[in-house]
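First up is the structure itself, then whatever we jot down about it.
The values are calculated or read from the model by the stated rules, or taken from the named source; none is laboratory data. From a predicted model like this one, the values you see are computed outputs, not experimental measurements. Counting neighbours? That spans all protein chains shown, and the Cβs are built from the backbone with ideal geometry, glycine included.
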Amino acid sequence: MTKPPRKVSAPSAMWGGRFDAAPAAIMEEINASIAFDQRLAQQDIAASKAHCAMLVRQRIITKAQGNAILKGLDRVRREIESGRFLFRRDLEDIHMNVESRLKELIGPAAGRLHTARSRNDQVATDFKLWVRDAIDRIDAGIKGLQRVLIEKAEAHAATVMPGFTHLQPAQPITYGHHLLAYVEMLGRDRGRFADCRRRLNECPLGAAALAGTSFPIDRAMTAKALGFSGPAANSIDAVSDRDFALEFLGTASILAVHLSRLAEEIVLWCSEQFGFLKLSDAFTTGSSIMPQKRNPDAAELVRAKAGRIIGAAVALLVAMKGLPLAYGKDMQEDKEPVFDAADTLDLCLAAMAGMLKDARVDAGRMRAAASAGYTTATDLADWLVGALGMPFRDAHRVTGALVRQAERKRLPLDKLGLAEMRKIEPRITKDVLSVLGVDNAVKSRTSAGGTAPANVRRAAKATRRRYLG
Ligand code: ARG
């Protein structure tokens, strides 16, 4: 048996000058990024247009050549927008797909576009532009969620619920106060994204492969045209830096953890055992076997998706670790984790906002739970300090004894009775009753940042100004 002759196809038109044959199919498959980096199309064309305009102004190419290129790039953009564009895997990536189509459309002038640049500075520029847009989108998503949280906090500034530590009832708080805690967390997330955006906003274009170029380019011009604050200072750093993607993913991970904690609370609160919250039908699923079930699937999925986003951060950290300067193809692996994390966050933020907007609060269940478990014991101890002048440690001990007594009698603290209390501390007066109810407990927490309803109303207003303005 003779082997069929191996079919030898032509080398790449884009870089095959020194090659005799095309890559093996498997080589093409592992090498190509077009399946995912086609998402950089708009950024790639914008960066090419900026580069082309600069080449013309610097007289590196002629005006006629430049105009042909600009017009051609706009046509390519329209083809991509309308879905008519044919992405080809043999052309590897978005950069070569765009350039190759440009050549089909305008002929040899297309070949001038790649003067004084490389795919290395090109991809770094495109990707930064994409991450910048993603940050702006995510910021709007976070803001939307903050708005829902603040609205609910205003409506529930005086809705009493148990506050927990160790998931044990600790002290009564208000639902509004609890929600505003998340508004703060999300505010810090927005701050981190804004920092990341500010730091990434230096333009790699013009670094070329890694060393810069001998053409008289104007990097400040392209940087400005693309909305960057200026060119990246060092050409080697410009093409090998992926800090912006790592920072994005690190920040995304912290946000995902915040969303996951909130999701976990929603799952708990919707349980029969807590019964604090009821999600709307629109944000609930049923069981195919148990007709009574109402499952908080969206919250569970938000909780789980944190794993995916943290995974993306770890994947890129590990891919970058140990890479020598400057560019390595390893860095092509930067895109999918970032795309996936950004998409996932868009979805989670919208789902969270929808869920919380519709959710109904069972104020009765919350109040009952806030009263159970001796959550006003701290108030009693504080009263002993204030009214009787006891040192807090002594008051703590006396209160412990009072709680134990109430527990023995299976009574809440405010039902234990004065006589019973005086057996433990004779100086207690009926004035103590004023601090034993959950409403009084909550109302008394007026220290800055505390849970008193008046505070919560003020805090909601302040967060509105700070985050929604
Ligand atoms: N598709 C490549 C990437 O995403 C573009 C840069 C290729 N550069 C190179 N020297 N092969 O990283």
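Assorted remarks:
- Test set (1) outside any helix (DSSP H, G or I); (2) without any contact (Cβ under 8 Å) to a residue 24 or more places away in the chain - residue 373 fails condition number: (2)
- The range 220-242: number of residues that are within 28 Å of the chain's Cα centre (by Cα) and in a loop (DSSP other than H, G, I, E, B): 7
- Residues within the range 81-105 that are of a type outside the set (D, E, K, R), away from the ligand (no atom under 16 Å from the Cβ) and surrounded by fewer than 21 Cβ atoms within 10 Å (Cβ to Cβ), tallied: 5
- Filter result for residue 102 (part of a helix (DSSP H, G or I), under 30 Å from residue 64 (Cβ atoms) and touching a residue at least 24 places away in the same chain (Cβ under 8 Å)): yes
- The residue that is farthest from the ligand (Cβ to nearest atom), among those in the range 312-328 that are in contact (Cβ under 8 Å) with a residue 24 or more places away in the chain and in a helix (DSSP H, G or I), is 313.
- Per the listing 308, 365, 303, the residue uniquely surrounded by 21 or more Cβ atoms within 10 Å (Cβ to Cβ), in a helix (DSSP H, G or I) and charged (D, E, K, R) is 303.
- Screening residue 23 against (1) within 16 Å of the ligand (Cβ to nearest atom); (2) closer than 25 Å to residue 207 by Cα leaves a single unmet condition, (2).
- Residues that are within 21 Å of residue 56 (Cα to Cα) and either within 16 Å of the ligand (Cβ to nearest atom) or crowded, with 20+ Cβ neighbours inside 10 Å (or both), drawn from the range 71-80: 72, 73, 76
- Test: residue in the range 204-223 that is under 18 Å from residue 443 (Cα atoms), modelled with pLDDT of 95 or more, in contact with a strand residue (DSSP E or B) (Cβ under 9 Å, 6 or more places away or on another chain) and among the hydroxyl-bearing types (Ser, Thr, Tyr): no
- Number of residues in the range 262-300 that are in contact with an Asp or Glu (Cβ under 8 Å, 6 or more places away or on another chain) and part of a helix (DSSP H, G or I) equals 5.
- Scanning the range 333-355 turns up no residue that is at pLDDT below 95, more than 17 Å from the chain's Cα centre (by Cα) and in a helix (DSSP H, G or I).
- Residue in the range 209-219 that is surrounded by fewer than 18 Cβ atoms within 10 Å (Cβ to Cβ) and part of a strand (DSSP E or B) present: no
- Residue within the range 335-344 that is over 30 Å from residue 36 (Cβ atoms) and either in contact with a Cys (Cβ under 7 Å, 6 or more places away or on another chain) or within 16 Å of the ligand (Cβ to nearest atom) (or both) present: no
- Among the residues listed as 121, 126, 139, the single one being more than 16 Å from the ligand (Cβ to nearest atom), at pLDDT 95 or above, on the phi < 0 side of the Ramachandran plot and not β-branched (Val, Ile, Thr): 139
- Residues located in the range 106-118, provided they are more than 16 Å from the ligand (Cβ to nearest atom), free of Cβ contacts under 8 Å to residues at least 60 places away in the same chain and over 18 Å from residue 80 (Cβ atoms): 107, 108, 109, 111, 112
- The set of residues in the range 307-354 being over 24 Å from residue 186 (Cα atoms) and of a type in the set (Lys, Arg) consists of 321, 329, 335.
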